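*Asks:* Questions regarding the structure given below will be posed in turn.
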């Protein structure tokens, strides 16, 4: 092998796909006749299948959570900071599974897949899915892998919410929950950001009501705008100041008096937007933001989150980041408060970080330390 | 040190915690007191801590810890949800000790507090004879860097409890090197270095 990987990386990994040929009923009233899930695994499942950890990805994430797909991959999986030998999700101890959410665009059945009934891509006809639907589909993946009970279900942001939903819907199948930078529900401000992103996509002339695959177009500009907006909300003001300030690409203070890219922050956002368009599908983006907006486990319990969590019996690790204004510490604290109210086993860390919401992806030492300490405390003998 | 491996003051605190009690430890540090209470007294509950490093240690010690700033009160907790609320060597470092004492008896049936007695004779001597801000084993910081912003004496504490209608159920005093002594029991405000109280709302 030409390239060597860092000793604390899982190294070269390959995705897998599993097909489920039984119909899946969705919260929205639709039924998928069959579906596939793309997933990756790291580490080795032990004999009694007691060491499996399910990792749930965030809005734009994929099943590629750690390691590299090819020797010349520039970047590892999205949660490389937390998955690998000696890391919080220690692959010498745990068997880590991450699947692409249903409705995704990286291998799991979603808007870009062929609709078996029409032979055409689903496109806008792909039904909206909820976080509960994701849990339902992942439970089938767990069955397929022979995992009755996850030692932990873990995730950041939307992934953290999915971990909570797992504990609520299938309490006997989740020994521990790790929810990082999550929230019990989206705020009006969160939904507003999502709506602007959706409108950017839907008002792109090349969106064609979501049937752009048939026309060969893609709503590139809309998706790019959506991603640029998203990126602003994932960073903190301090992080942006630190990273870009008012730095210009050319000579400082030398303005062009036109609308070309001048400031570094403009360049960054455009680059992030453009590269996103190449790897993400607009219909999936619409669907994922909608799933986030709908997430509200307390809604079925008169708005009482404690009641929603009352029947769970997982241990919980909740963490937030001080500069995260997308899912701020107060949102995590609301989860903690609900868990305390119902006497759950819970630890909570509020990590000092300037990285904003994106901090959950970064190797912030205090974050990795507390997360590791929690994972080390998981008794695999007790999870089987 | 006692047979439990805990420092004498913590050992006394532990002896005040009933079997199977539900406890909250304010400023739980590395979580070892709670760990001991869980193991030896089948207690359950949580620790609150603000120091990130100690939070990791508490988690590593198998203790549920919630990162919290005690100066913000205990609003995460409903009334009377704990059997005992414990605060060891932290009272003097909070911004509003008066409010926190009231919070302790609001969320817990009983409160347990330990603090360094500022009227301890060695501290008095330090100030009276040397004219310097007192330092001792329990108060080891220089005046310019001490987190101990609300030091009090045994008399001060008992007067405050009376004002707050807090009933003192038990008092123990430890003298130098965490030893119990005849002098400390006779004249606690003079010979007590560490004061320990168990109290409730009267």
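*Asks:* Here is a list: B:67, B:84. Which entry is at pLDDT 95 or above, within 14 Å of another protein chain (Cβ to nearest Cβ) and in contact with a strand residue (DSSP E or B) (Cβ under 6 Å, 6 or more places away or on another chain)? It would help to see each step written out before you state the result.
*Replies:* Working: B:84 fails: within 14 Å of another protein chain (Cβ to nearest Cβ).
Of B:67, B:84, the one residue that is at pLDDT 95 or above, within 14 Å of another protein chain (Cβ to nearest Cβ) and in contact with a strand residue (DSSP E or B) (Cβ under 6 Å, 6 or more places away or on another chain) is B:67.
*Asks:* Now for a different question. Hey, could you check the stretch A:370-382 for residues that are under 17 Å from residue B:57 (Cα atoms) and either free of Cβ contacts under 8 Å to residues at least 60 places away in the same chain or surrounded by fewer than 19 Cβ atoms within 10 Å (Cβ to Cβ) (or both) and say which is nearest to the chain's Cα centre (by Cα)? Working first, answer last.
*Replies:* Of all residues in the stretch A:370-382, those under 17 Å from residue B:57 (Cα atoms) come to A:370-378.
Adding the requirement that they be either free of Cβ contacts under 8 Å to residues at least 60 places away in the same chain or surrounded by fewer than 19 Cβ atoms within 10 Å (Cβ to Cβ) (or both) leaves A:370, A:373, A:376-377.
On the way: A:370: 20, A:373: 23, A:376: 23, A:377: 24 Å.
Among those that are under 17 Å from residue B:57 (Cα atoms) and either free of Cβ contacts under 8 Å to residues at least 60 places away in the same chain or surrounded by fewer than 19 Cβ atoms within 10 Å (Cβ to Cβ) (or both), it is A:370.
*Asks:* Now a separate question. Just one of the numbered conditions (1) away from every other protein chain (no Cβ under 11 Å); (2) more than 20 Å from residue A:235 (Cα to Cα); (3) at pLDDT 95 or above; (4) part of a helix (DSSP H, G or I) is not true of residue A:340; which one?
*Replies:* Evaluating residue A:340 over (1) away from every other protein chain (no Cβ under 11 Å); (2) more than 20 Å from residue A:235 (Cα to Cα); (3) at pLDDT 95 or above; (4) part of a helix (DSSP H, G or I) leaves (1) as the failure.
*Asks:* So for the stretch B:11-19 (the condition being part of a helix (DSSP H, G or I), free of Cβ contacts under 8 Å to residues at least 24 places away in the same chain and within 23 Å of residue A:316 (Cβ to Cβ)), does at least one residue qualify?
*Replies:* So in the stretch B:11-19, the residues part of a helix (DSSP H, G or I) come out as B:11-16.
Checking the rest, the ones that are also free of Cβ contacts under 8 Å to residues at least 24 places away in the same chain come to B:11, B:15.
Next cut, within 23 Å of residue A:316 (Cβ to Cβ) only: none.
No, the stretch B:11-19 contains no residue that is part of a helix (DSSP H, G or I), free of Cβ contacts under 8 Å to residues at least 24 places away in the same chain and within 23 Å of residue A:316 (Cβ to Cβ).
*Asks:* Here is a follow-up. For residue B:6, are the conditions met, namely being touching a residue at least 60 places away in the same chain (Cβ under 8 Å) and touching a helix residue (DSSP H, G or I) at 6+ places or on another chain (Cβ under 9 Å)? Explain how you work it out, then say what you get.
*Replies:* Values: touching a residue at least 60 places away in the same chain (Cβ under 8 Å): no; touching a helix residue (DSSP H, G or I) at 6+ places or on another chain (Cβ under 9 Å): yes.
For residue B:6, the condition - touching a residue at least 60 places away in the same chain (Cβ under 8 Å) and touching a helix residue (DSSP H, G or I) at 6+ places or on another chain (Cβ under 9 Å) - is not met.
*Asks:* Determine whether residue A:307 is at pLDDT 95 or above, under 18 Å from residue A:132 (Cβ atoms) and not in a strand (DSSP E or B). Please lay out each step first, then the result.
*Replies:* Details: at pLDDT 95 or above: yes; under 18 Å from residue A:132 (Cβ atoms): yes; not in a strand (DSSP E or B): yes.
Spelling it out, residue A:307 is indeed at pLDDT 95 or above, under 18 Å from residue A:132 (Cβ atoms) and not in a strand (DSSP E or B).
*Asks:* Criterion first (outside any helix (DSSP H, G or I), modelled with pLDDT of 95 or more and at the interface with chain B (Cβ under 10 Å from one of its Cβ atoms)) does residue A:316 satisfy it?
*Replies:* Numbers: outside any helix (DSSP H, G or I): yes; modelled with pLDDT of 95 or more: yes; at the interface with chain B (Cβ under 10 Å from one of its Cβ atoms): yes.
Here the answer is yes, as residue A:316 does meet what is asked.
*Asks:* I need a count of the residues in the stretch B:34-70 that are crowded, with 18+ Cβ neighbours inside 10 Å and farther than 18 Å from residue A:373 by Cβ.
*Replies:* The number of residues fulfilling the criteria is 5.
*Asks:* Ok, one more. Counting only residues that are assigned to a helix (DSSP H, G or I) and more than 13 Å from residue B:104 (Cβ to Cβ), how many does the stretch B:158-202 have?
*Replies:* The first filter runs over the stretch B:158-202 and keeps only residues assigned to a helix (DSSP H, G or I), leaving B:158-163, B:176-178, B:182-186, B:188-191.
Then drop every residue that is not more than 13 Å from residue B:104 (Cβ to Cβ), which leaves B:158-159, B:162-163, B:176-178, B:182-186, B:188-191.
Total meeting the criteria: 16.
*Asks:* Would you check if residue B:29 is assigned to a loop (DSSP other than H, G, I, E, B), crowded, with 17+ Cβ neighbours inside 10 Å and away from chain A (no Cβ under 12 Å)? Spell out the reasoning first.
*Replies:* On the way: assigned to a loop (DSSP other than H, G, I, E, B): yes; crowded, with 17+ Cβ neighbours inside 10 Å: yes; away from chain A (no Cβ under 12 Å): yes.
Considered against the rule, which asks whether it is assigned to a loop (DSSP other than H, G, I, E, B), crowded, with 17+ Cβ neighbours inside 10 Å and away from chain A (no Cβ under 12 Å), residue B:29 comes out as yes.
*Asks:* Take residue B:5 and tell me if it is more than 24 Å from residue A:372 (Cα to Cα), surrounded by fewer than 18 Cβ atoms within 10 Å (Cβ to Cβ), more than 14 Å from chain A (Cβ to nearest Cβ) and touching a strand residue (DSSP E or B) at 6+ places or on another chain (Cβ under 9 Å). Full working, then the answer.
*Replies:* Values: more than 24 Å from residue A:372 (Cα to Cα): yes; surrounded by fewer than 18 Cβ atoms within 10 Å (Cβ to Cβ): yes; more than 14 Å from chain A (Cβ to nearest Cβ): yes; touching a strand residue (DSSP E or B) at 6+ places or on another chain (Cβ under 9 Å): no.
No, not satisfied.
*Asks:* Filter the stretch B:70-81 for residues that are within 11 Å of chain A (Cβ to nearest Cβ) and assigned to a loop (DSSP other than H, G, I, E, B) and give the result.
*Replies:* Taking the stretch B:70-81 as the starting set, the residues that turn out to be within 11 Å of chain A (Cβ to nearest Cβ) are B:72, B:74-78, B:81.
Result: B:74, B:75, B:76, B:77, B:78, B:81.
*Asks:* Check the stretch A:286-307 and report whether any residue there is surrounded by fewer than 22 Cβ atoms within 10 Å (Cβ to Cβ), more than 22 Å from the chain's Cα centre (by Cα) and within 14 Å of chain B (Cβ to nearest Cβ).
*Replies:* Among the residues of the stretch A:286-307, at least one is surrounded by fewer than 22 Cβ atoms within 10 Å (Cβ to Cβ), more than 22 Å from the chain's Cα centre (by Cα) and within 14 Å of chain B (Cβ to nearest Cβ), which makes the answer yes.
*Asks:* Take the residues of the stretch A:370-384 that are within 12 Å of another protein chain (Cβ to nearest Cβ) and not in a helix (DSSP H, G or I): which is farthest from residue A:60 (Cα to Cα)?
*Replies:* Ranking the qualifying residues of the stretch A:370-384, first place goes to A:379.
Residue-wise test of (1) assigned to a loop (DSSP other than H, G, I, E, B); (2) buried (at least 16 other Cβ atoms within 10 Å of the Cβ); (3) more than 10 Å from chain B (Cβ to nearest Cβ).
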| position | (1), (2), (3) |
| --- | --- |
| A:323 | yes, yes, yes |
| A:349 | no, yes, no |
| A:358 | no, yes, yes |
| A:368 | no, yes, no |
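The values are calculated or read from the model by the stated rules, or taken from the named source; none is laboratory data. The shown structure was predicted, so the numbers you read here are calculated from the model rather than taken from an experiment. Cβ atoms come from the backbone with ideal geometry, glycine included; neighbour counts cover every protein chain shown.
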